[in-house]
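Beneath this line is the structure, given in C-alpha coordinates, with notes to follow.
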Amino acid sequence: MESGVIETRRIRLRSMAEADLSILCEWRNSDVFLKNCSNRRNHVTVEEFAIELKKDFERDRHEQFIIELRRAGEPIGTIYSYNFRSADGYAFVTTFLADGFRNKGYGAEAFAIFLYHLFTVHDLYKVYTEIYSYNGDSLKAMQGAGFTEEGRFRNQRLFKGARYDVLRYAVFRDDLPRARLFLQRLGLTRLGLILDEKV
(Lines give C-alpha, C1' and ligand atoms only; values in the text may rest on other atoms or scores of the structure.)
Protein backbone atom coordinates (compact mmCIF):
# COMPACT_ATOMS: atom_id res chain seq x y z
CA MET A 1 0.00 0.00 0.00
CA GLU A 2 1.20 3.50 -0.81
CA SER A 3 2.15 5.83 1.98
CA GLY A 4 -0.59 8.31 2.81
CA VAL A 5 -3.39 6.13 1.40
CA ILE A 6 -6.41 4.65 3.18
CA GLU A 7 -8.78 2.60 1.05
CA THR A 8 -11.87 0.42 0.93
CA ARG A 9 -13.07 -1.74 -1.95
CA ARG A 10 -14.66 1.28 -3.67
CA ILE A 11 -12.68 4.37 -2.72
CA ARG A 12 -9.34 5.54 -1.44
CA LEU A 13 -8.25 8.61 0.48
CA ARG A 14 -4.83 9.73 -0.65
CA SER A 15 -2.66 12.62 0.39
CA MET A 16 -3.16 15.82 -1.55
CA ALA A 17 -0.50 16.71 -4.14
CA GLU A 18 0.39 19.86 -6.07
CA ALA A 19 -1.08 18.25 -9.21
CA ASP A 20 -4.50 18.35 -7.49
CA LEU A 21 -4.60 22.17 -7.30
CA SER A 22 -6.55 22.55 -10.54
CA ILE A 23 -9.37 20.19 -9.62
CA LEU A 24 -9.44 21.43 -6.02
CA CYS A 25 -9.84 24.96 -7.35
CA GLU A 26 -12.64 23.82 -9.68
CA TRP A 27 -14.45 22.20 -6.73
CA ARG A 28 -13.83 25.19 -4.46
CA ASN A 29 -15.49 27.47 -7.06
CA SER A 30 -18.49 25.17 -7.54
CA ASP A 31 -21.93 26.26 -6.35
CA VAL A 32 -22.22 23.14 -4.16
CA PHE A 33 -18.94 23.83 -2.33
CA LEU A 34 -19.71 27.51 -1.81
CA LYS A 35 -23.20 26.63 -0.60
CA ASN A 36 -22.34 23.76 1.76
CA CYS A 37 -18.63 23.75 2.60
CA SER A 38 -17.36 27.30 2.82
CA ASN A 39 -17.87 30.74 4.31
CA ARG A 40 -16.43 32.23 1.13
CA ARG A 41 -18.63 33.52 -1.70
CA ASN A 42 -16.08 34.60 -4.33
CA HIS A 43 -14.49 32.66 -7.19
CA VAL A 44 -10.70 32.44 -7.49
CA THR A 45 -8.13 31.53 -10.12
CA VAL A 46 -5.81 28.54 -9.63
CA GLU A 47 -3.02 30.93 -8.65
CA GLU A 48 -5.24 32.70 -6.10
CA PHE A 49 -6.46 29.34 -4.81
CA ALA A 50 -2.90 28.12 -4.23
CA ILE A 51 -2.25 31.17 -2.04
CA GLU A 52 -5.61 30.74 -0.26
CA LEU A 53 -4.94 27.06 0.46
CA LYS A 54 -1.46 27.81 1.81
CA LYS A 55 -2.97 30.39 4.16
CA ASP A 56 -5.68 27.92 5.21
CA PHE A 57 -3.00 25.41 6.25
CA GLU A 58 -1.07 28.13 8.09
CA ARG A 59 -4.23 29.21 9.92
CA ASP A 60 -6.26 26.13 10.83
CA ARG A 61 -6.35 23.45 8.08
CA HIS A 62 -5.01 20.26 9.63
CA GLU A 63 -5.01 17.36 7.13
CA GLN A 64 -6.53 17.04 3.68
CA PHE A 65 -7.08 14.03 1.44
CA ILE A 66 -8.37 13.51 -2.08
CA ILE A 67 -11.26 11.04 -2.34
CA GLU A 68 -10.94 8.92 -5.47
CA LEU A 69 -12.50 5.83 -7.00
CA ARG A 70 -10.13 3.01 -6.18
CA ARG A 71 -10.20 1.12 -9.48
CA ALA A 72 -10.42 4.08 -11.86
CA GLY A 73 -8.19 6.40 -9.82
CA GLU A 74 -10.67 9.17 -10.58
CA PRO A 75 -10.81 12.07 -8.07
CA ILE A 76 -14.39 12.53 -6.85
CA GLY A 77 -14.00 14.84 -3.86
CA THR A 78 -11.97 15.94 -0.89
CA ILE A 79 -12.11 15.60 2.87
CA TYR A 80 -10.19 17.64 5.42
CA SER A 81 -9.86 18.38 9.11
CA TYR A 82 -9.40 21.82 10.62
CA ASN A 83 -9.43 23.62 13.98
CA PHE A 84 -7.45 20.70 15.41
CA ARG A 85 -6.99 21.16 19.15
CA SER A 86 -4.68 18.55 20.64
CA ALA A 87 -4.97 19.90 24.20
CA ASP A 88 -8.75 19.46 24.24
CA GLY A 89 -8.84 16.50 21.86
CA TYR A 90 -11.11 17.61 19.04
CA ALA A 91 -11.11 18.60 15.38
CA PHE A 92 -13.67 19.55 12.71
CA VAL A 93 -14.19 17.72 9.41
CA THR A 94 -15.61 18.85 6.06
CA THR A 95 -16.48 16.44 3.23
CA PHE A 96 -17.10 17.44 -0.39
CA LEU A 97 -18.17 15.26 -3.33
CA ALA A 98 -18.28 16.45 -6.95
CA ASP A 99 -21.40 16.38 -9.11
CA GLY A 100 -22.48 12.87 -10.06
CA PHE A 101 -20.96 11.22 -6.99
CA ARG A 102 -23.30 12.35 -4.22
CA ASN A 103 -26.01 10.12 -2.72
CA LYS A 104 -24.09 6.95 -3.60
CA GLY A 105 -22.55 6.26 -0.21
CA TYR A 106 -19.08 7.56 -1.12
CA GLY A 107 -19.32 10.41 1.36
CA ALA A 108 -20.28 8.10 4.22
CA GLU A 109 -17.37 5.79 3.37
CA ALA A 110 -14.88 8.64 3.18
CA PHE A 111 -16.15 10.13 6.43
CA ALA A 112 -15.99 6.78 8.24
CA ILE A 113 -12.43 5.93 7.26
CA PHE A 114 -11.23 9.49 7.84
CA LEU A 115 -12.71 9.33 11.35
CA TYR A 116 -10.81 6.11 12.02
CA HIS A 117 -7.65 7.77 10.77
CA LEU A 118 -8.15 10.84 12.97
CA PHE A 119 -9.03 8.90 16.11
CA THR A 120 -6.14 6.47 15.78
CA VAL A 121 -3.34 8.72 14.56
CA HIS A 122 -4.29 11.57 16.89
CA ASP A 123 -5.38 11.43 20.51
CA LEU A 124 -8.86 12.85 19.88
CA TYR A 125 -11.89 12.65 22.14
CA LYS A 126 -14.40 13.76 19.49
CA VAL A 127 -14.73 15.04 15.94
CA TYR A 128 -17.21 17.71 14.86
CA THR A 129 -18.91 18.41 11.58
CA GLU A 130 -21.10 21.44 10.89
CA ILE A 131 -24.08 21.40 8.52
CA TYR A 132 -26.25 24.23 7.28
CA SER A 133 -29.95 23.66 7.95
CA TYR A 134 -30.84 23.72 4.22
CA ASN A 135 -28.46 20.81 3.51
CA GLY A 136 -31.08 18.10 3.92
CA ASP A 137 -29.02 15.21 2.52
CA SER A 138 -26.15 15.73 4.97
CA LEU A 139 -28.52 16.25 7.91
CA LYS A 140 -30.34 13.03 7.06
CA ALA A 141 -27.03 11.15 6.88
CA MET A 142 -25.83 12.46 10.27
CA GLN A 143 -29.15 11.73 11.96
CA GLY A 144 -29.40 8.29 10.35
CA ALA A 145 -25.92 7.41 11.60
CA GLY A 146 -26.97 8.33 15.14
CA PHE A 147 -24.45 11.14 15.58
CA THR A 148 -25.05 13.61 18.40
CA GLU A 149 -26.37 17.09 17.69
CA GLU A 150 -24.33 19.18 20.10
CA GLY A 151 -25.36 22.64 19.09
CA ARG A 152 -27.58 24.77 16.89
CA PHE A 153 -26.48 28.28 15.98
CA ARG A 154 -29.64 30.04 14.95
CA ASN A 155 -29.66 32.21 11.84
CA GLN A 156 -25.86 32.15 11.64
CA ARG A 157 -25.63 31.41 7.91
CA LEU A 158 -26.58 34.20 5.53
CA PHE A 159 -27.05 32.71 2.08
CA LYS A 160 -28.72 34.38 -0.90
CA GLY A 161 -30.52 36.91 1.30
CA ALA A 162 -31.94 34.42 3.83
CA ARG A 163 -30.66 33.24 7.20
CA TYR A 164 -30.24 29.59 8.17
CA ASP A 165 -29.17 27.66 11.25
CA VAL A 166 -25.80 25.93 11.55
CA LEU A 167 -26.01 22.53 13.24
CA ARG A 168 -22.96 21.00 14.89
CA TYR A 169 -22.75 17.22 15.17
CA ALA A 170 -20.18 15.28 17.19
CA VAL A 171 -18.73 11.81 16.80
CA PHE A 172 -17.01 10.50 19.94
CA ARG A 173 -14.19 8.01 20.22
CA ASP A 174 -16.68 5.78 22.07
CA ASP A 175 -18.85 5.74 18.92
CA LEU A 176 -16.20 3.92 16.88
CA PRO A 177 -17.06 0.36 17.95
CA ARG A 178 -20.50 0.84 16.35
CA ALA A 179 -18.79 1.59 13.06
CA ARG A 180 -16.43 -1.40 13.13
CA LEU A 181 -18.75 -3.83 11.31
CA PHE A 182 -19.65 -1.16 8.77
CA LEU A 183 -15.98 -0.55 8.05
CA GLN A 184 -15.27 -4.27 7.78
CA ARG A 185 -18.10 -4.60 5.25
CA LEU A 186 -16.48 -1.81 3.23
CA GLY A 187 -13.39 -3.99 2.91
CA LEU A 188 -10.95 -1.74 4.73
CA THR A 189 -7.41 -2.60 3.67
CA ARG A 190 -4.56 -3.74 5.90
CA LEU A 191 -3.87 -0.18 7.07
CA GLY A 192 -7.49 0.11 8.10
CA LEU A 193 -7.30 -3.15 10.06
CA ILE A 194 -4.18 -1.95 11.84
CA LEU A 195 -5.96 1.28 12.73
CA ASP A 196 -8.95 -0.74 13.90
CA GLU A 197 -6.79 -2.64 16.37
CA LYS A 198 -5.49 0.56 17.98
CA VAL A 199 -8.95 1.90 18.85
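The values are calculated or read from the model by the stated rules, or taken from the named source; none is laboratory data. Just so it is clear, the structure is predicted and the values come from calculations on it, not from any experiment. Neighbour counts run over all protein chains shown; Cβ positions are idealised from the backbone, glycine included.
Does the range 104-115 contain at least one residue that is surrounded by 19 or more Cβ atoms within 10 Å (Cβ to Cβ), more than 27 Å from residue 155 (Cβ to Cβ) and among the charged types (D, E, K, R)? Scanning the range 104-115, I find at least one residue that is surrounded by 19 or more Cβ atoms within 10 Å (Cβ to Cβ), more than 27 Å from residue 155 (Cβ to Cβ) and among the charged types (D, E, K, R), so the answer is yes. Scanning the range 2-24 turns up one or more residues that are surrounded by fewer than 14 Cβ atoms within 10 Å (Cβ to Cβ), of a type in the set (A, V, I, L, M, F, W, C) and out of contact with any helix residue (DSSP H, G or I) (no Cβ under 9 Å at 6 or more places or on another chain).
Against the conditions (1) at pLDDT below 95; (2) surrounded by 13 or more Cβ atoms within 10 Å (Cβ to Cβ), residue 73 satisfies every one except (2). For the range 69-98, which positions are small (Gly, Ala, Ser) and either in contact with a helix residue (DSSP H, G or I) (Cβ under 7 Å, 6 or more places away or on another chain) or closer than 19 Å to residue 34 by Cα (or both)? Of everything in the range 69-98, those that are small (Gly, Ala, Ser) and either in contact with a helix residue (DSSP H, G or I) (Cβ under 7 Å, 6 or more places away or on another chain) or closer than 19 Å to residue 34 by Cα (or both) turn out to be 77, 81, 91, 98.
When the range 26-38 is filtered for residues that are closer than 23 Å to residue 114 by Cα and either part of a helix (DSSP H, G or I) or without any contact (Cβ under 8 Å) to a residue 24 or more places away in the chain (or both), the ones remaining, listed by number, are 26, 27, 28, 32, 33, 34, 35, 36, 38. Against the condition hydrophobic (A, V, I, L, M, F, W, C) and over 28 Å from residue 160 (Cβ atoms), how does residue 98 come out, does it pass? No, not satisfied.
State whether the residues of the range 42-53 include one that is modelled with pLDDT of 95 or more and under 17 Å from the mean Cα position of the chain (by Cα). Yes - at least one qualifying residue is present in the range 42-53.
Evaluation of residue 66 against the conditions (1) among the β-branched types (Val, Ile, Thr); (2) buried (at least 16 other Cβ atoms within 10 Å of the Cβ); (3) without any contact (Cβ under 8 Å) to a residue 40 or more places away in the chain shows that the sole unmet condition is (3). Picking from residues in the range 99-129 that are of a type in the set (Asp, Glu) and within 21 Å of residue 76 (Cα to Cα), the one that is modelled with the lowest pLDDT is 109. If the condition is being over 22 Å from residue 140 (Cβ atoms) and small (Gly, Ala, Ser), then the range 155-175 contributes only 161.
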